[in-house]
Amino acid sequence: MTTGLDIVVQHRLGAFTLDATLRSQGGLTALYGPSGSGKTSLVNVIAGLIRPESGHVRHDGEALFDRAGGVFVPPHRRRIGYVFQEGRLFPHMTVRQNLGYARRFRRVSGTDAADARLVELLGIGHLLDRRPAGLSGGEKSRVAIGRALFSAPSLLIMDEPLSALDQARKAEILPHLEYVRDETGIPILYVSHAMEEVSRLANFVVSVSAGRVVAAGDPGTVLGGGAPVPENMEPATFISATISHHLEDEGLTVAESRAGRIYLKRGAAEPGDRVRVHIAAQDIILGIGEPGNLSALNRLGGRVLGMTERAGSVWVSVDCSGEAVLVQVTRHSAARLGLAEGQPVSLLFKSVSIDTQGLFRNQLPETRP
């Protein structure tokens, strides 16, 4: 049986046209792109809130919509949990009652133990007897996620669930989202234009622009410059690595990747953990020949794959033993160095430039260094 999402839809919304093809399987798939690109319209099609003019929507081989076959499964029968940007909790109900309401829509059996486990994962046990008016923004978001999960969905849609929260509240919720992703086994379709959310959570990234899917793949490829980038997202590289050991006296952690050894600030990750390291393109120094006696501990070697001019800068893609690393330089520097495709180069970046917020648990297939 075919698993995952299989979507081919066309639909006009006034002057806007949605013409999207998307296939994804399991884990957390992030839809990202600038405002007005069609992300929410696409997930509303999947949820059954919009009936497209043509195409099909299938999940795990089941047709939820097929214009040619005359199939349209109504939203309440799709087994899709939907977490809206505003949360939309029932204000007259307690948290316990909000969660209990979702149980009515279950099409599969559940247990009290499983429900208790979800409450534990989301850290909302102490909130069960409160009403939404007495909750913080972060607490409301966690309860909204819990309510969607209590319906036992086969797919969970989350549309910008953290956009109304400040950085402190986002930092509070992100670990809970990781647990939901890793421990429930429910595939998630996550809409966001925030780099820290997409890069931290996504197993698979879909870039949406002007109503079309313009790129799809692993986060390193898509977020690393392989697709149009929203205005608030800086070019970056995401390297999969495995924690090797700690240098306790020096406050460092050593990670091994296909691109080479990477030194990180000592953090919570332990030897054997697989992580995804985020390195901003502007934090990497590109040089010709062997680097001298510099303070930067991280030194990778590679060859220039290609160059693209964007917004007055040159983005240089470098092949480091099969890992594509993106570097941002000025046009002046690119001309002075005489950069050309195939040219050997050295890349340098500081350990302190990789913030602990840039070290993410990696749920992608393991990359062997």
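Every read-out reported here was derived from the displayed coordinates using simple, explicitly stated rules and does not represent laboratory data. These figures come from a predicted structure and were not determined experimentally. No Cβ is skipped: glycine too gets one built from the backbone with ideal geometry, and neighbour counts run over all protein chains shown.
With charges set only on the Cβ (+1 for Lys and Arg, -1 for Asp and Glu), what does the dipole of segment 98-224 come to about its Cα centre, in debye to the nearest 20? Show your work: numbers first, answer last.
Details: 15 positive and 15 negative charges, 105 e Å.
Here segment 98-224 has a charge dipole of around 500 debye.
May I have the pair-distance distribution P(r) for the chain, computed from all Cα-Cα distances with 20 Å bins from 0 and rounded to whole percent?
The distribution over the chain is 27, 53, 20, 1, given as percents.
Please name which of Asn98, Ala144, Ser154 has its Cα lying farthest along the dipole of segment 1-159 towards the positive end, using unit charges on Cβ (Lys, Arg +1; Asp, Glu -1) and the Cα centre as origin.
It is Asn98, whose Cα lies furthest towards the positive end.
Evaluate the charge dipole of segment 5-218 about its Cα centre and quote only its size in Debye, nearest 20, assuming +1 on the Cβ of each Lys and Arg and -1 on the Cβ of each Asp and Glu.
Here the size comes out at about 700 debye.
Between Ala15 and Asp66, what is 0.36 nm times their sequence separation minus the Cα-Cα distance? Round to one decimal in nm. Write out the running numbers ahead of the final one.
Values: separation 51, 0.36 × 51 = 18.36 nm, distance 2.38 nm.
Length difference between fully extended and current span is 16.0 nm.
Among Val254, Gly312, Leu297, pick out the residue whose Cα is farthest towards the positive end of the charge dipole of segment 245-351, where Lys and Arg carry +1 and Asp and Glu carry -1 on C-beta, about the Cα centre.
Going by the charge dipole, the pick is Gly312.
Pulled fully out, how much extra length does the chain show between Asp182 and Arg310, if you take 0.36 nm times their separation in residues and subtract their Cα-Cα distance?
Details: separation 128, 0.36 × 128 = 46.08 nm, distance 3.64 nm.
The Asp182-Arg310 span can extend by a further 42.4 nm.
If each residue of separation counts as 0.36 nm, what is the full-extension length gain between Gln167 and Arg51 once their alpha-carbon separation is subtracted?
38.2 nm
With only Lys, Arg, Asp and Glu charged, each at its Cβ (+1 for the first two, -1 for the last two), find how big the charge dipole of the chain is about the Cα centre; round to the nearest 20 debye. Walk me through the numbers before you get to the answer.
Values: 40 positive and 38 negative charges, 229 e Å.
For this selection, approximately 1100 debye.
Pop a pseudo-label 7 angstrom from the Cα along the beta-carbon direction at both Arg96 and Arg303 and give the gap in nm to one decimal.
Each label point is offset 7 Å from its Cα along the Cβ direction, giving 6.7 nm.
So how do 71-77, 270-276 stack up, highest first, on mean other-Cβ count within 10 Å?
So the order, starting with the most tightly packed, is 270-276, 71-77.
Provide Tyr101, Tyr82, Tyr32 in ascending order of the number of other Cβ atoms located within 10 Å of each residue's Cβ, fewest first. Kindly include the intermediate steps, with their values, before the conclusion.
Details: Tyr101 15, Tyr82 24, Tyr32 28.
Fewest-to-most ranking of Tyr101, Tyr82, Tyr32: Tyr101, Tyr82, Tyr32.
Please identify, among Ile188, Ile124, Ile145, the residue showing maximal mean-square fluctuation in a Gaussian network model of the chain using a 10 angstrom Cα cutoff.
Ile124
Between Ala171, Ala335, Ala296, which gets the highest mean-square fluctuation from a Gaussian network model of the chain, Cα cutoff 10 Å?
Ala335
Per DSSP H run of n ≥ 4, the term is -39500 (n - 2.57); total these for the chain, divide by its residue number, and report the mean residue ellipticity at 222 nm rounded to 500 deg cm²/dmol.
Working: 7 runs with 74 residues, N = 369.
It lands at -6000 deg cm²/dmol.
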